[in-house]
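The values are calculated or read from the model by the stated rules, or taken from the named source; none is laboratory data. Model, not experiment: these values are computed from the prediction. When we count neighbours, we look across all protein chains shown, and the Cβ atoms used for this are built from the backbone with ideal geometry, even at glycine. For accessibility, only protein heavy atoms count, side chains too; no ligands or nucleic acids. Shrake-Rupley method; radii C 1.70, N 1.55, O 1.52, S 1.80 Å.
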Amino acid sequence: MVINRKIQTLDEFTIQQMRDFPNATGELSGLLRDIGLAAKRVHVEVNKAGLVDILGDAGTMNVQGEEVKKLDIFANNQFMGVLRHGISCAGIGSEELDDVVIFDDDISNQSKYVCLFDPLDGSSNIDVNVSIGTIFSVYRRVSELGKPATKADFIQEGIKQVAAGYVIYGSSTMLVYATRRGVNGFTLDQSIGEFTLSHSDIKCPDKGKIYSVNHGNFFRYEQKVQDYIHLCQKKDKENGGPYTQRYIGSMVADVHRNLIKGGIFMYPGTTDKPKGKLRLMYECNPFAFIIEIAGGKATNGNQRILEIVPTDVHQRTPMFIGSKLMMEEMESI
Ligand code: AHG
Ligand code: MN
Ligand code: MN
């Protein structure tokens with residue numbers, strides 16, 4: 001008997017995907033379930049923000065010298081906690097951890113994946129009730145199974161990602177993840193407490209009308225970037241314009257919008273920070289993977305993001321990402 005199910009939860013979807021692969025072990029499904037669980041806990045806390053003492057600074061700096069918020073730490077602990085106690089992850093790297101954490105117990109050492117996280121993206125928006133997110137990246141270990149994971153497992157090119165995704169805590173909470181088979185989005189149905197398939201097989205439109213960049217840095221961008229921004233501003237109807245500028249300051253929210261509507265997002269290098277601000281391993285690579293699977297492009301201005309050979313978990317890179325034809329127009333400059 002075939003049951004025509006109208007709704008599918010994240011668990012049901014990942015298990016369905018697994019059933020299509022006779023040799024699949026279910027570890028990736030387990031990993032996504034764990035991430036979904038931590039995301040729900042963060043969602044609950046984000047929704048209480050303002051009522052409980054979770055807003056504001058934790059009073060410390062992270063390894064990159066940035067102020068840490070209480071919610072950054074809460075989110076980091078939730079994701080680390082579920083993955084440490086789960087059976088699908090051998091270790092994690094995170095914006096909020098100086099170094100990678102190798103779980104190193106009998107079960108974790110048998111796990112074939114490691115994860116990298118930006119547990120809370122858009123920290124500066126936490127205190128003002130603007131959309132924030134979580135970004136994650138999953139790699140298959142290169143080290144020997146049965147032994148503890150190694151640093152090399154985390155420092156792999158983005159092209160080697162097995163899966164990548166994000167959670168957006170917005171007007172609704174959504175989890176979007178990509179594997180090589182496609183990008184799918186799940187909206188948290190609060191009545192049953194489950195992420196439920198709402199956006200299947202997401203494709204990024206080839207063209208859009210949105211460009212997203214921090215204009216406050218305009219005079220610190222290199223000339224070609226300034227030229228491209230001028231081109232965006234001058235677009236007329238005959239040439240696919242006018243373009244509109246949208247910049248939330250939470251990469252998750254900005255890129256999510258552009259993924260759905262079409263658009264381009266940029267965080268270029270500046271004269272004082274030539275590598276920009278965004279982190280390769282847990283901000284740029286996961287989004288580059290998602291956008292490419294959805295049909296878009298992502299570069300650092302010279303090179304495909306996914307082909308950058310990493311040297312450090314916390315390294316930064318300039319980032320240009322979005323709709324295919326808009327990216328090609330930008331590249332032509
Ligand atoms: P995080 O909160 O994880 O440190 O990341 C913030 C990032 C990113 O989400 C956003 O696109 C960018 O910082 C905004 O930076 P500016 O305020 O410099 O534009
Ligand atoms: Mn971030
Ligand atoms: Mn963050």
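Using a probe of 1.4 angstrom, how much of the accessible area of the stretch 134-283 is carbon and sulfur, in percent?
On the stretch 134-283, the fraction of accessible area on carbon and sulfur atoms equals 50 percent.
Kyte-Doolittle mean at least -1.0 and Cα extent at least 24 Å along the axis: which DSSP H helices of the chain qualify?
Flagged H segments are 27-48.
Using the C-alpha gyration tensor of the chain, what are the square roots of 5 times its eigenvalues, in whole angstrom, with the largest one first?
Ellipsoid half-lengths, sorted descending, are 31, 23, 21 Å.
Report the paramagnetic label zone for residue 6: residues of the stretch 179-200 whose backbone N is under 17 Å from a point 7 Å from Cα along the Cα-to-Cβ axis.
Hits in the stretch 179-200 for residue 6 at 17 Å: 187, 189-192, 196-200.
Ordered by residue, what ³J(HN,Hα) values in Hz, to whole numbers, does the stretch 59-65 give under the Karplus form 6.51 cos²θ - 1.76 cosθ + 1.60, where θ = phi - 60° and Gly and Pro are x?
x, 10, 10, 7, 4, 9, x
Using θ = phi - 60° and the Karplus form 6.51 cos²θ - 1.76 cosθ + 1.60, what ³J(HN,Hα) does each residue of the stretch 112-118 get, whole Hz, x for Gly and Pro?
Karplus-based 3J(HN,Hα) across the stretch 112-118 equals 8, 10, 10, 10, 10, 9, 10 Hz.
Per residue, how much accessible area does the stretch 210-332 show when a 1.4 Å probe rolls over the protein heavy atoms, in square angstrom?
Working: 5180 Å² over 123 residues.
For the stretch 210-332, the solvent-accessible area averages 42 Å² per residue.
How far apart, in nanometres, would the label points at residue 273 and residue 84 be if each is projected 7 angstrom from Cα along the Cα-to-Cβ direction?
About 2.9 nm, to one decimal.
Beyond 19 Å between alpha-carbons counts as too far, so tell me which of 207/277; 203/277; 207/297 fall in that bin.
Numbers: 207/277 26 Å; 203/277 27 Å; 207/297 12 Å.
Flagged as over cut-off: 207/277; 203/277.
Which percent of Cα-Cα pairs in the stretch 210-332 sits in each 10 Å bin, short to long?
With a bin width of 10 Å, the distribution comes to 14, 49, 33, 4, 0.
As an exercise, use a Förster radius of 45 Å and the Cβ-Cβ distance of residue 222 and residue 15 to find the FRET efficiency, rounded to the nearest 0.05.
0.40
What full-extension length gain, to one decimal in nm, is calculated for residue 151 and residue 312 as 0.36 nm per residue of separation minus the Cα-Cα distance? Provide the component values of the computation, followed by the final result.
Numbers: separation 161, 0.36 × 161 = 57.96 nm, distance 0.95 nm.
Gain on stretching residue 151 to residue 312: 57.0 nm.
Stretched out fully, how many nm does the piece from residue 60 to residue 106 gain, at 0.36 nm a residue minus the Cα gap?
Values: separation 46, 0.36 × 46 = 16.56 nm, distance 3.35 nm.
Result for the pair: 13.2 nm of gain on full extension.
I'd like the Karplus ³J(HN,Hα) series for the stretch 141-153: coefficients 6.51, -1.76, 1.60, θ = phi - 60°, whole numbers in Hz, and an x wherever there's a Gly or Pro.
Residue by residue, the stretch 141-153 yields 4, 9, 7, 6, 5, x, 10, x, 4, 10, 4, 4, 5 Hz.
How far is the Cα center of the stretch 288-333 from the Cα center of the stretch 61-122, in Å?
Comparing the Cα centres of the stretch 288-333 and the stretch 61-122, I get a distance of 25 Å.
Any idea what the alpha-carbon Rg over 2.2 N^0.38 Å comes to for the stretch 103-227?
Dividing the Cα radius of gyration by 2.2 N^0.38 Å gives 1.35.
Using R₀ = 45 Å, calculate the FRET efficiency as 1/(1 + (r/R₀)^6) where r is the Cβ-Cβ separation of residue 124 and residue 237; round to 0.05.
0.80
Ranking request for peptides 223-230, 133-140: highest mean number of other beta-carbon atoms within 10 Å first, then the rest in descending order. Working shown, then result.
On the way: 223-230: 15.1, 133-140: 25.8.
Top of the packing list down: 133-140, 223-230.
For residue 333 and residue 67, calculate 0.36 nm times their separation in residues minus their Cα-Cα distance, and state this gained length in nm to one decimal.
Numbers: separation 266, 0.36 × 266 = 95.76 nm, distance 3.59 nm.
Once the chain is fully extended between residue 333 and residue 67, it gains 92.2 nm.
When we measure straight from the Cα of residue 261, which aspartates and glutamates land under 12 angstrom away, once same-chain ones fewer than 8 places off are left out?
206
Convex hull over the Cα atoms of the stretch 3-159, averaged projected area in nm²?
11.4 nm²
Straight-line reach from residue 112: which aspartates and glutamates have Cα under 16 Å away, leaving out those fewer than 8 places along the same chain?
Residue 112 reaches 27, 34, 104, 144, 153.
From a point 7 Å beyond the Cα of residue 47 in the direction of its Cβ, which residues of the stretch 170-190 have a backbone N at a distance under 19 Å?
170-176, 186-190, by backbone N distance to the label point.
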